[in-house]
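Written below as C-alpha cells is the structure these notes are about.
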Amino acid sequence: MELSKKDRISDYELKREAFETHAKNYSGKQAGNPAKFAEILYNVSRMKEPPFSLFLGAATFSLAKNKIAWLEEDMKNTEAYARSAADFENSARSAFSAR
C-alpha cells in the first residue's frame with residue numbers, strides 16, 4: 001500500500017526513496033527461489049525415505065551446519081554431568097531416544 005503524498009512525512013522522504021530503490025533492485029536477487037523450493041519439495045514428497053530435516057538454500061544450510069557444530073561442542077563439554085548423572089537408577093530410555 002503506497003501512501004499518498006499528503007500522508008508522507010517530508011523529513012523521511014530521502015530514506016523512503018532509498019528504501020524503495022533498494023527493494024526494487026533486490027527483488028528477484030534475494031536468497032531463496034520459490035520455484036526451486038517448490039520443485040525440491042515436490043521431489044522430496046515423493047521420496048520413499050524423505051529427510052527428517054530439510055535445510056534449503058546455501059545460507060540456511062550453512063546456518064544449520066554451524067548450529068550442529070556448536071551443539072556438538074556444547075554436548076562434548078557437558079557430557080560428563082549431563083548424560084546419565086541426572087537419570088534415576090535403572091531408568092528406561094526415553095521414547096525420544098531413537099528416531
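Each reported figure results from applying straightforward, stated rules to the coordinates on display, with no laboratory input. Values in this document were obtained by computation on a predicted structure and should not be read as measured data. When we count neighbours, we look across all protein chains shown, and the Cβ atoms used for this are built from the backbone with ideal geometry, even at glycine.
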Exercise. Divide by every residue of the chain the summed helix terms, -39500 (n - 2.57) for each DSSP H run of at least 4, and state the resulting mean residue ellipticity at 222 nm, rounded to the nearest 500 deg cm²/dmol.
Key: -17500 deg cm²/dmol
Quiz item: With helices defined as uninterrupted DSSP H runs, which ones in the chain have an alpha carbon span along their own long axis of at least 15 Å and mean Kyte-Doolittle hydropathy of at least -1.0?
Solution: 34-45, 58-82
Quiz item: Using a cut-off of 26 Å between alpha-carbon atoms, which lysines can reach LYS48, once sequence neighbours fewer than 8 places away in the same chain are excluded?
Solution: LYS36, LYS65
Exercise. Rounded, prolate or oblate: pick one for segment 23-83, where a ≥ b ≥ c are the square roots of the eigenvalues of its C-alpha gyration tensor, a/c under 1.5 means rounded, and failing that, prolate if a/b is larger than b/c, else oblate.
Key: oblate
Self-check item: Furthest towards positive pole of dipole, TYR12, ILE40, ALA23, structure part segment 1-53, Cβ charges
Solution: ILE40
Quiz item: Quick one: if you stick a label point 7 Å off each Cα along the C-beta vector at SER91 and LYS5, how many nm between them?
Solution: 7.0 nm
Quiz item: If the cut-off is a Cα-Cα distance under 29 Å, which lysines reach LYS5, setting aside same-chain residues fewer than 8 apart in sequence?
Solution: LYS15, LYS24
